[in-house]
Amino acid sequence: MVGWGEVTVGETVFAYWQPFEGYFVATVVEQTDNGYCVVYEDGDVAELPPAQIVKFNIQAQMQVFARWTDGQYYPGRIGQTVGRASFIHYEDGDQRWVPLAWIAVKP
């Protein structure tokens, strides 16, 4: 995934999270000297350069990693999204609704 440059405060984006080496849903809350301050859906906060922020674009059939009840992230595809929740079809055949905070995208 390649950063997309200018974003606006209040915008929902995918923001890079180094420990997972992937992108999670976040909200841009402030522009800083080095980029942007974002608040992730789970409450974590980070300051990121523009190159580590990409357009939020959840779509049906999109390949994602989604959290399961054991707290681990597993590969799957978006079935549908309603508001701030998505129905995930996991690669192992399991299915369930998850909040956007439980969805990550790897580059």
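One table, with the values for the structure above:
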item: Test: residue in the stretch 61-70 that is in a strand (DSSP E or B), modelled with pLDDT under 95 and of a type in the set (D, E, K, R); result: no
item: Members of the stretch 71-107 found to be in a strand (DSSP E or B) and more than 15 Å from the chain's Cα centre (by Cα), listed by number; result: 79, 80, 82, 89, 90, 95, 96, 97
item: Long-range neighbours under 9 Å by Cβ, at least six apart or interchain, first residue among the small types (Gly, Ala, Ser) within the stretch 61-82, second not in a strand (DSSP E or B); result: 66/102; 76/91; 76/92; 76/94; 79/60; 79/61
item: Residue that is under 22 Å from residue 8 (Cβ atoms) and either at pLDDT below 95 or buried (at least 16 other Cβ atoms within 10 Å of the Cβ) (or both), where the choices are 38, 45; result: 38
item: Residue within the stretch 1-8 that is more than 16 Å from residue 98 (Cα to Cα), in contact with a Phe, Trp or Tyr (Cβ under 8 Å, 6 or more places away or on another chain) and surrounded by fewer than 16 Cβ atoms within 10 Å (Cβ to Cβ) present; result: yes
item: Residues that are farther than 22 Å from residue 21 by Cα and aromatic (Phe, Trp, Tyr), drawn from the stretch 55-107; result: 87, 97
item: The one condition in (1) part of a strand (DSSP E or B); (2) surrounded by fewer than 19 Cβ atoms within 10 Å (Cβ to Cβ); (3) in contact (Cβ under 8 Å) with a residue 24 or more places away in the chain that residue 31 fails to fulfil; result: (3)
item: Flag for residue 33 being modelled with pLDDT of 95 or more and of a type in the set (Asp, Glu); result: no
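The values are calculated or read from the model by the stated rules, or taken from the named source; none is laboratory data. Please read these numbers as outputs of a predicted model, since none were measured by experiment. With ideal geometry, Cβ positions are generated from the backbone for all residues, glycine too; neighbour counts draw on all protein chains shown.
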